[in-house]
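Undergrad: Here's a structure for you.
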Amino acid sequence: MQKKIIPEWISVGMLSERTGVSVSALHFYERKGLIKSHRNASNHRLYPKHVIRIVSLILVAQRTGFSLEDILSELAGLPNRTRVTLEDWEQLGSRWQSELDKKITQLTELRDMMTDCIGCGCLSLERCRLLNPYDELGEKGAGPRLMTE
Ligand code: FES
């Protein structure tokens, strides 16, 4: 099978086709500042073909649980916003992996706390680590903290 050559500048339709992301989602990404297009003489949006890689990166980051704000901040930290190099990907991937490890640890702790609560149902601010982990609310003073914040 012959490899399809991608032109340097592509339409939103082609970007959608290449990434599997809907046109409306791509426009949303653009409004959020994650990707950028240029207008041609006919006032049509055109994206540099490197945006395909950026959209792919956004998809991976979203699947990993990062918010669009997190992703925007990560992309802003890249030396050259228009291209994502292998080095960029290695750095991002390594950072995201350690973030994922943290999330896995937190979720594992949460699951274990939930196991203690199943069948209890007290929802006590003093006893329930699920409702008040590490008595964080107690450190803020006496009284009904959940109701006032
Ligand atoms: S519901 Fe009782 S300890 Fe969490």
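Undergrad: Contour minus end-to-end for Leu107 and Glu8, with contour as 0.36 nm per residue of separation and end-to-end as the Cα-Cα distance? Could you put the intermediate results ahead of the total?
TA: Working: separation 99, 0.36 × 99 = 35.64 nm, distance 4.30 nm.
Taking 0.36 nm per residue and subtracting the Cα distance, the gain is 31.3 nm.
Undergrad: What do you get for the angle between helix 51-63 and the principal long axis of the chain? Use alpha-carbon atoms, 0 to 90 degrees, nearest ten.
TA: Roughly 20 degrees, rounded to the nearest 10.
Undergrad: Let a ≥ b ≥ c be the square roots of the eigenvalues of the Cα gyration tensor of region 1-50; is it rounded (a/c under 1.5), or, if not, prolate (a/b larger than b/c) or oblate? Walk me through the intermediate numbers first.
TA: On the way: a/c = 2.16, a/b = 1.35, b/c = 1.61.
In terms of gyration-tensor shape, oblate.
Undergrad: For the chain, take the longest principal axis of its alpha carbons; what is the angle in degrees between that and the long axis of helix 86-117, to the nearest 10 within 0 to 90?
TA: 30
Undergrad: Over region 9-118, calculate the relative contact order: mean separation of alpha carbon pairs under 8 Å at least 6 apart, over the residue count, as a percent.
TA: Working: 71 pairs, mean separation 23.2, N = 110.
Relative contact order here is 21 percent.
Undergrad: Okay, moving on. Multiply the residue separation of Thr85 and Leu123 by 0.36 nm, subtract the distance between their alpha-carbon atoms, and state the gained length in nm to one decimal. If you can, show how the numbers build up before the last one.
TA: Values: separation 38, 0.36 × 38 = 13.68 nm, distance 4.94 nm.
Between Thr85 and Leu123, full extension yields 8.7 nm more.
Undergrad: Now for a separate question. Just to confirm the filter: which trypsin sites (Lys or Arg not before Pro) across region 29-72 are DSSP coil and have at most 10 other Cβ within 10 angstrom of their Cβ? If you can, show how the numbers build up before the last one.
TA: Values: sites: Arg31, Lys32, Lys36, Arg39, Arg45, Lys49, Arg53, Arg63; in loops: Lys36, Lys49.
Here no loop site has a sparse enough neighbourhood.
Undergrad: Let me ask another. Can you give the angle from 0 to 90° between the axis of helix 23-32 and the longest principal axis of the chain, with both taken from C-alpha atoms, to the nearest 10?
TA: 70
Undergrad: Suppose only helical runs count, i.e. DSSP H with n ≥ 4. What mean residue ellipticity at 222 nm does that imply for the chain under -39500 (n - 2.57) per run, divided by all residues and rounded to the nearest 500 deg cm²/dmol? It would help to have the intermediate numbers written out before the result.
TA: Details: 6 runs with 76 residues, N = 149.
The helix-only estimate for the chain comes to -16000 deg cm²/dmol at 222 nm.
Undergrad: Using the Cβ atoms and a cut-off under 15 Å, what net charge is assigned to the surroundings of Gly20, where Lys and Arg are +1 and Asp and Glu are -1? Each step should come with its number before you reach the end.
TA: Details: positive: Arg18, Arg53, Arg63; negative: Glu17.
Combined, the nearby Lys, Arg, Asp and Glu give +2.
Every number in this text was worked out from the coordinates using simple rules, so none of it is lab data. What you see is a predicted model; the values in this text were computed from it and never measured. Reconstructed Cβ throughout: ideal geometry from the backbone, glycine too, with neighbour counts over all protein chains shown.
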